[in-house]
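This report refers to the structure that appears directly beneath it.
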Amino acid sequence: MSRRPTVLAVLAASSLTLAACGGGSGNQTATSEADSANCPGDVLDVVVSVNQWGDIVQQLAGDCANVTTIINSTALDPHDYEPTTGDIASFEGADLVVVNGADYDHWASDAIANLDPAPAVVDAAEVAGVEGEHADDEHAEDGGDDHGHGSVNPHLWYDPTSVTEVAAAVTAELSDLSPDAADYFAQRATAFTDAMQPYDAELTTLQSLAAGKTYAATETVFDYTAAAVGLTDATPEGYRDAASNESDPSSGDVAAFEAALADGSIDVLVYNTQTEGSVPEQLRSAAESAGVPVVDVTESVPDGDDSFVTWQLTQLQQLADALGGGQ
Ligand SMILES: [Zn+2]
């Protein structure tokens, strides 16, 4: 298989140049190859656990890093991912590793724990300051605080502030590791900020559309964005607790959700298409029957989307339409 020529570092058209292993199945690990001729410093090897961050890192690194993204397919649920030996080996020799953290991709953190030499690490949850106590030790003790789920919402790429902070942390690490390219990385960071402007503008639009409006969600994936635009979470509590614990809601929780959709207290249903199951489908039907608009979101960057921004923007525009801001 001949490798395609390296894609020019045109930011708006940035996409992962696939050097995929395992066609059709598996995790579709992808590497974007740097063109060292365009890099004024040392070219780095960077490994990113999931594609939600992979595209961002690739845009920031440009031609000064080969960026390998381990999970690069929406066919996988990153929450339950079991790494292959090949995945583990991908981390060897990395100059920089970017993980989501917050137990979302603990397999990646485990893989780098014993590497020698240890790579630099950007942990998005640490950067965002949400890395709390880990839930590894069997959740709460008996009789403990009902509110403590023991873990935080890990979907930090849906939090606009965290995205900005993580991007800055990545740029800082890249510049430390390849100091002769620091100016180049600064230019990439500016270009990234520019590329994010349509996303920022849509968030601002949504802030006015969302005033006084509510949403409910089949899964917690979109909650940070919903909060950022000021939507009120009207997901019935029992269902929401089950979803945030990745446990099954009771039939009573589902019935309460259906009743809320029917009685007009929910303005939009956010539906994670990457999580399959009869319960979410049942809720979608209930929303459709009640005339509640449904906005589809995904956990990871879909295979057809060429960048984080286009992916997010499409979803935000759907939300704007659902809230009456389209047409
Ligand atoms: Zn998730």
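The values are calculated or read from the model by the stated rules, or taken from the named source; none is laboratory data. If you're wondering where the values come from, they're calculated on a predicted model, not measured in any experiment. Cβ: placed from backbone, ideal geometry, glycine included. Neighbour counts: every protein chain shown. Accessible surface areas use protein heavy atoms only, side chains included; no ligands, DNA or RNA. Shrake-Rupley method; radii C 1.70, N 1.55, O 1.52, S 1.80 Å.
Pairs of Cα atoms nearer than 8 Å and 6+ residues apart set the relative contact order; for the range 220-311 it is 24 percent. Here the Gaussian network model covers the chain, with springs between Cα atoms less than 10 Å apart; of Gly238, Gly291, Gly86, Gly86 fluctuates the most.
In the context of the full set of protein chains, the chain has a per residue accessible area of 45 Å² (1.4 Å probe).
Membrane-span-like helices in the chain, defined purely by DSSP H runs whose alpha carbon atoms cover 30 Å or more axially and whose average Kyte-Doolittle hydropathy reaches 0.5, do not occur. Mind checking which of Thr273, Ala102, Phe91 is farthest towards the positive end of the chain's charge dipole, using Cβ charges of +1 (Lys, Arg) and -1 (Asp, Glu) about the Cα centre? Selected residue: Thr273. Under the simplified labelling scheme, the Ala118-Ser285 pair shows an inter-label distance of 5.2 nm, with each label point 7 Å from Cα along Cα→Cβ. Amide hydrogen proximity for Val295: with H placed 1.01 Å from N in the peptide plane, the residues at 5 or more positions away or on another chain lying under 5 Å are Leu269, Val270, Tyr271. Between Asp35 and His106, the modelled labels are 4.3 nm apart [label points 7 Å from Cα along Cα→Cβ]. Against the criterion of solvent-accessible heavy-atom surface with a 1.4 angstrom probe, Asp63, Asp253 sort, most first, into Asp253, Asp63.
Computed extension gain for Asp180 through Glu92, at 0.36 nm per residue and net of the alpha carbon distance, reaches 29.3 nm. Measure off, as a whole percent, the carbon and sulfur share of the 1.4 Å-probe accessible area of the chain, all protein chains present. Carbon and sulfur together cover 48 percent of it. Considering only Asp55, Asp116, Asp305, the mean-square fluctuation computed in a Gaussian network model of the chain, springs between alpha carbons under 10 angstrom, is largest for Asp116.
Report summary: the helix-based calculation at 222 nm, which adds -39500 (n - 2.57) for every DSSP H run with n ≥ 4 and divides by the residues of the chain, gives -12000 deg cm²/dmol. Between Ala201 and Ser265, the FRET efficiency estimated from the beta carbon spacing at R0 = 22 angstrom works out to 0.15. Once the chain from Ser250 to Asp306 is taken as fully extended at 0.36 nm per residue, the excess over their C-alpha distance is 16.3 nm. Computing FRET efficiency as 1/(1 + (r/R0)^6) for Asp241 and Thr85, where r is the C-beta to C-beta distance and R0 is 51 Å, gives about 0.90. Bridge orientation summary for the chain: considering DSSP beta bridges with both residues in this region, about 10 percent are antiparallel.
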